[in-house]
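Right, one structure below, let's go through it.
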Amino acid sequence: MSSALPDNTSKAPEKEAEAVPENKRSPSDFLKAVLGRPVNVRLNSGTDYRGVLACLDGYMNIAMEQTEEYVDGQLKSKYGDCFIRGNNVMYISSQRR
Amino acid sequence: MLFYSFFKTLVGKEVAVELKNDVILTGTLHSVDQYLNIKLLTVNVVNQDRYPQLTSLKNCFIRGSVVRYVQIDPKDVDTELLQDATRKENSPQVGGGALMEDKK
Amino acid sequence: MEEPLDLIRLSIDERVYVKCRNDRELRGRLHAYDQHLNMVLSDVEETITTTEEDEETGEEIVSKKTRSVGMLFVRGDIIVLVSPPLRTS
């Protein structure tokens, strides 16, 4: 609790996910930080999905919005909302737009 | 458990089971278990000339994990009932002891 | 929306697009699903895309086959992606 640390009261509250020092960020800190942000999801098949990460669960099932599907780097289709079954996910990376 | 219950309602009905190796078996659904393993009776292999080794197949057990699809006669399915059961099973209220909490 | 499966729950009794392994795609009305993503769909159209290489020219030939199924149980482990119909919200 911050009340136990008087020093903290003078500081403006930082965003939770970014308060963790760079070298101590865990994978789940990363996932919390990219929620609601544009991400690239790479599947084991090599297909990429770029869109806004809406939410995810412990199986790495993913819900995304405004998703674009890229096969071999080529835009193949678009989905308003989409659900990706977690077992197919190789990685999630943050994406600048 | 939802699909286990669902398949139990289809026992005795004619179904077509498509396996992940593209083999399609039609037959009468004899029984199903919690893993969705399936026993079929009076089996017919669709596209039998491609799988001559399966010609003599009469009854069989199919491991659930090798199933791709099960084709069902729409007449054998009450979709309203199925949707209600699905909503119940996946509703955020049910499970996790929420119902038990209400009773204290 | 709190968890990804909520997206599927909101699609009950709606037509959905399901992308499966081995270049199979399904379009049908969703009646049931569970946490494995096992599903029951009705009025299903399945599209199978196959790519072959022309022996002489080495060109890729893409062909699509479709078939219709009245009522289909789909085992969840072959599913890659599910997309609900476009909603105006």
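Run the paramagnetic zone check for C:GLN35: 7 angstrom along Cα to Cβ, then residues of region B:69-88 with backbone nitrogen under 18 Å. Residues B:85-88 qualify, since their backbone N sits under 18 Å from the label point.
In units of the compact-protein estimate 2.2 N^0.38 Å, chain B shows a Cα radius of gyration of 1.35. Cβ-Cβ distance of A:GLN66 and B:ASN44, R₀ of 35 Å, FRET efficiency by 1/(1 + (r/R0)^6): the value works out to about 0.15. Grab every C-alpha pair in the protein assembly as shown, bin the distances at 5 angstrom width from 0 up to the longest one, and report whole percents. Each 5 Å bin holds this share of Cα pairs: 1, 5, 10, 13, 14, 14, 12, 10, 8, 5, 3, 2, 1, 1, 0, 0, 0. Inter-chain Cβ neighbour count for B:61-69, averaged per residue, equals 4 (cutoff 10 Å, partner chain atoms only).
Other protein chain C-beta atoms within 10 Å of residue C-beta, averaged over C:23-32: 3. Shielding of peptide C:53-61 by partners, expressed as the average count of other chain Cβ atoms within 10 Å per residue Cβ, is 0. Label separation (C:THR66 vs A:TYR59): 2.9 nm, computed from points 7 Å beyond Cα along the C-beta direction.
Straight-line reach from B:LYS75: taking Cα to Cα under 13 Å and skipping same-chain neighbours fewer than 8 places apart, the aspartates and glutamates in range are B:GLU14, C:ASP43. Normalising the Debye intensity of region A:27-94 to I(0), with uniform scatterers on Cα atoms only, and taking log10 at q = 0.13, 0.16, 0.23 Å⁻¹ returns -0.30, -0.45, -0.96.
The angle between the Cα long axis of helix B:79-90 and the main principal axis of chain B comes to about 60°, on a 0 to 90 degree scale. Test of understanding: in a Gaussian network model of chain C with alpha carbons linked when under 10 Å, which of C:ARG15, C:ARG67, C:ARG29 would top the mean-square fluctuation ranking? Highest fluctuation among the options: C:ARG67.
Throughout, read-outs are computed from the coordinates displayed, never taken from laboratory work. Computed from a predicted model, the values in this text were never measured in an experiment. With ideal geometry, Cβ positions are generated from the backbone for all residues, glycine too; neighbour counts draw on all protein chains shown.
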